[in-house]
Amino acid sequence: MESLNPEKPESLHSALKVQEGIEQPSSLNEHGLSRFRKSHKGLLTVETYMEGVLNFNRTVFSQAITLIESSLPAHQSIAQELILRCLPYSGKSVRLGITGVPGAGKSTFIESLGLHLTSKGHRLAVLAIDPSSSRSKGSILGDKTRMEGLSVEPNAFIRPSPSAGSLGGVARKTRETIILCEAAGFDTIFVETVGVGQSETAVHSMVDFFLLLMISGAGDELQGIKRGIMEMADAIAINKADGDNKTRASIACTQIKNALHLFPLPESGWSPPAVTCSAATGDGIPELWDMVNEYIRFTGNNNYFNHKRMQQARQIMIDYIDRQLHDHFYNHPDINKILRLKEIQLSKGEISPYQAAGQLLEAYFGRNRD
C-alpha cells in the first residue's frame, strides 16, 4: 500500500501518532522560588537574629528557634552566642508547665486560658511538645490546628516542637527557647508536655508553676501514675466540669483534695489546691489564673521563687555539660572508628557490652588528656 503523502513515511500517518501539543508551564513559581533560594542561602548574622528577637519579627524569631533546636555544630556556635546575648532580657515571665492524662483536653484548656490572658493584654508564648515516633522520629505537630482561635491572636505565639525522644516529653532545647521568648517580650510562657507516662521532672525543673490537668472517671488504673505527678503538681484542675459531667467532676475534685492532705507539704510551703474548670465553657478559667498569680506572690514573699530559679539555672548548667560531653564523645572521629570495631566484636561475641563501653571510655579520655 502506497503512502498518502509521498514526502513523508507512512508511519507518521498512523493513528497512534502522539501530537506534541502545547508545552505546559512549570507548576512552581520560579520567580518566587529563586527569591526563596536567595534569601535562604545561609544563616543570618547573630545581630540580625538578635534584632528580630527583640523586635519580635515573627519570621526571624521562628528561624532563631529553629537554629536553637538544630544539632549541627555550625548552628550551635551561633545559637549559643544568641542565647548569651538574650540572657539579660530574660527571666521576667511567668512560666507555667501543663501536663495531664491523655484526653484531659490540654490543648483546649491552653487555648481557653490563653485567650483569657491575651484579652487582658498579656503576651503569651506556647511551647507545645508533640510526641515523636520512636521509629521514624517524626511528629504530628498539630497544636496550631487544635488551637485555631489562639493561633491567630497577634499577642500569642505557638511553637509546636517534636519531643525527639527527650525525657519527660520536653523538647531538647525548650529551656533555650524560653530564654528567646522572654527576650522577645512574652510575659507568660506555657510549656505543654506530651502527657503522663514519662518522667515529668524535666518540665518541673524549668517552670515556676506546674499544673496537672485531670478528668473525672479516669479510673483507678492511673493511680500509680498520678501519685508521682501529684506530688510535683502545684495545683490540680479537673477539666470538662460541664453539663452532665459537672457532678462527677466535683466528686473527683473532693477525692483528690482528700488525697492531697496525705502528701507532705512541698518545699515551697504552698499547699496544692484542687479545682474544677471547663475549657469548653470557660468556667473556672479566670479563677485558675488568679490562683497562679497568688502562688507567684506567695513564693515571692518567702523567697522560694528566686530559690527555684537558681535551682533551674544550676540544672541548665548540668544538663548542658551532659549534652556537650555526649555530643563530643559521639562526634569524635577516632571514637567513631573504635565504636564500629566494638560493635563488630559484640556481634561476634568476642567482648561483653561492659568491656566495650569501658574500652571506649578509656580510649576517649586517653585522647583528651593534656
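Tell me the residue from D290, D283 that is touching a Cys at 6+ places or on another chain (Cβ under 7 Å) and farther than 29 Å from A74 by Cα, please.
Testing whether each residue is touching a Cys at 6+ places or on another chain (Cβ under 7 Å) and farther than 29 Å from A74 by Cα leaves just D283.
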Residues being within 18 Å of F210 (Cβ to Cβ) and modelled with pLDDT under 90 - total across the stretch 224-255: 8
Members of the stretch 162-189 that are modelled with pLDDT of 90 or more and either of a type in the set (V, I, T) or touching a Gly at 6+ places or on another chain (Cβ under 7 Å) (or both): T177, I178, I179, E182, T188, I189
Residue match in the stretch 89-102 (condition: among the hydroxyl-bearing types (S, T, Y), in contact with a strand residue (DSSP E or B) (Cβ under 9 Å, 6 or more places away or on another chain) and modelled with pLDDT of 75 or more): yes
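Residue by residue, here is whether (1) buried (at least 20 other Cβ atoms within 10 Å of the Cβ); (2) part of a helix (DSSP H, G or I); (3) touching a Leu at 6+ places or on another chain (Cβ under 6 Å) holds:
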| residue | (1), (2), (3) |
| --- | --- |
| A74 | no, yes, no |
| R85 | no, yes, no |
| G91 | no, no, no |
| R95 | yes, no, no |
Matching entry among S119, S93, S107 (being more than 17 Å from the chain's Cα centre (by Cα) and in contact (Cβ under 8 Å) with a residue 60 or more places away in the chain): S93
Subset of the stretch 107-146 that is part of a helix (DSSP H, G or I) and at pLDDT below 90 - its residue that is nearest to H204 (Cα to Cα): S107
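Listed here are the residues, each with its yes/no results for (1) farther than 21 Å from G103 by Cα; (2) touching a residue at least 24 places away in the same chain (Cβ under 8 Å).
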site: D242; (1), (2): no, yes
site: N245; (1), (2): no, yes
site: R248; (1), (2): no, yes
site: P264; (1), (2): yes, no
site: S268; (1), (2): yes, yes
site: A274; (1), (2): no, yes
site: S278; (1), (2): no, yes
Cross-chain or 6+ apart pairs with Cβ under 8 Å, the stretch 147-161 first and assigned to a helix (DSSP H, G or I), then surrounded by 22 or more Cβ atoms within 10 Å (Cβ to Cβ) and small (G, A, S): L150/G114; L150/A156
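Just one of F365, F305, F263 is exposed (fewer than 14 other Cβ atoms within 10 Å of the Cβ) and in contact with a helix residue (DSSP H, G or I) (Cβ under 7 Å, 6 or more places away or on another chain); which is it?
On the way: F365 fails: in contact with a helix residue (DSSP H, G or I) (Cβ under 7 Å, 6 or more places away or on another chain); F305 fails: exposed (fewer than 14 other Cβ atoms within 10 Å of the Cβ).
Exactly one of F365, F305, F263 is exposed (fewer than 14 other Cβ atoms within 10 Å of the Cβ) and in contact with a helix residue (DSSP H, G or I) (Cβ under 7 Å, 6 or more places away or on another chain), namely F263.
One line per residue, one yes/no per condition, for (1) closer than 23 Å to S70 by Cβ; (2) outside any helix (DSSP H, G or I); (3) within 25 Å of the chain's Cα centre (by Cα):
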site	(1), (2), (3)
D290	no, no, no
D322	yes, no, yes
N336	yes, no, no
Q355	no, no, no
L360	no, no, no
Any hit, the stretch 327-337, residues being in contact with a Ser or Thr (Cβ under 9 Å, 6 or more places away or on another chain) and more than 30 Å from E267 (Cβ to Cβ): yes
Residue list for the stretch 192-223, filter: at pLDDT 85 or above and under 19 Å from R309 (Cβ atoms): M206, V207, D208, F209, F210, L211
Residue among D283, D319 that is acidic (D, E) and more than 30 Å from D242 (Cβ to Cβ): D319
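The values are calculated or read from the model by the stated rules, or taken from the named source; none is laboratory data. On a predicted model such as this, the values are computed, not experimentally measured, just so you know. No Cβ is skipped: glycine too gets one built from the backbone with ideal geometry, and neighbour counts run over all protein chains shown.
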